[in-house]
Amino acid sequence: MSDHTITLRAIEPEDLDLLYRIENDIRLWNVGATNVPYSRYTLHDYIATSSNDIYADRQLRLMVVNEHDEIVGMVDLVRFDPRHQRAEVGIIIIDAYRRRGYGFKAVARMCDYAAEVLHLHQLYAVVDTANAAACQLFHKAGFMQQVTLTDWLLSGNSYHEALLMQRFL
């Protein structure tokens, strides 16, 4: 999947080191469900056994590659619900590549893929209200704020509000 400036592709074995760095970056743990480090073995096994079939894996993780063939991040569909045809979308752009439009393009491409190939009805995102860049990205990508979730995300010793943002495809 490409829009001439980014490509979304499946994870390859050579992505292991980058995946290891991202998954073990404690700065990112407050936006996901993880709060323990992953071993290289666990991540290697994930890459080796992932079918890249959202129906089998109940998730889909794709690498975001720029026009210079550099990996700039990852975009995910998780919490896939085949009965209701929806999934949660998440995005990680590597620090050095932020604020260049890659996140928006990746989310837009994932929305297109979810609609055209997976035939999903909707995508949603849970976004920390303090993360203005993410709130803006999802809004620009056509996600509408539906609900404010009080004390939803724990970061350190404090809870943060989150926005439930939704896009119908």
Query raised in the report: Within the group His121, His139, His68, which residue is out of contact with any strand residue (DSSP E or B) (no Cβ under 9 Å at 6 or more places or on another chain) and more than 18 Å from Ile22 (Cβ to Cβ)?
Result: His68
Query - Unique match (being part of a helix (DSSP H, G or I), under 29 Å from Asp112 (Cα atoms) and at pLDDT 80 or above) among Leu8, Leu18 - result: Leu18
Report task. Kindly establish whether Cys111 is farther than 29 Å from Pro13 by Cα and within 14 Å of the chain's Cα centre (by Cα). Result -> no
Query raised in the report: For the subset of region 117-169 comprising residues that are aromatic (Phe, Trp, Tyr) and loosely packed, with under 14 Cβ neighbours inside 10 Å, which member is farthest from the chain's Cα centre (by Cα)?
Result: Tyr159
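Does His139 fit the bill of being modelled with pLDDT of 95 or more and at positive phi?
no
Out of all the residues in region 120-142, which are assigned to a strand (DSSP E or B) and either out of contact with any His (no Cβ under 7 Å at 6 or more places or on another chain) or within 16 Å of Leu77 (Cβ to Cβ) (or both)? Even if it seems obvious, please write down each step before you answer.
Residues of region 120-142 that are assigned to a strand (DSSP E or B), as a first pass: 122-128.
Scanning region 120-142 gives Gln122, Leu123, Tyr124, Ala125, Val126, Val127.
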Requested in this report: Go over the candidates Arg83, Arg98 one by one and state the one that is closer than 19 Å to Ala133 by Cβ, out of contact with any Cys (no Cβ under 7 Å at 6 or more places or on another chain) and surrounded by fewer than 17 Cβ atoms within 10 Å (Cβ to Cβ).
Outcome: Arg98
Requested in this report: Within region 115-136, track down each residue that is modelled with pLDDT under 95 and acidic (Asp, Glu).
Outcome: Asp128
**Report entry** Elements of type strands (runs of 3 or more DSSP E) contained in region 52-105, each with 2 or more residues being free of Cβ contacts under 8 Å to residues at least 40 places away in the same chain
**Finding:** 71-81, 86-93
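The values are calculated or read from the model by the stated rules, or taken from the named source; none is laboratory data. Keep in mind it's a predicted model, so treat the numbers as computed, not measured. Here the Cβ is made from the backbone with ideal geometry for all residues, glycine too, and neighbour counts use every protein chain on show.
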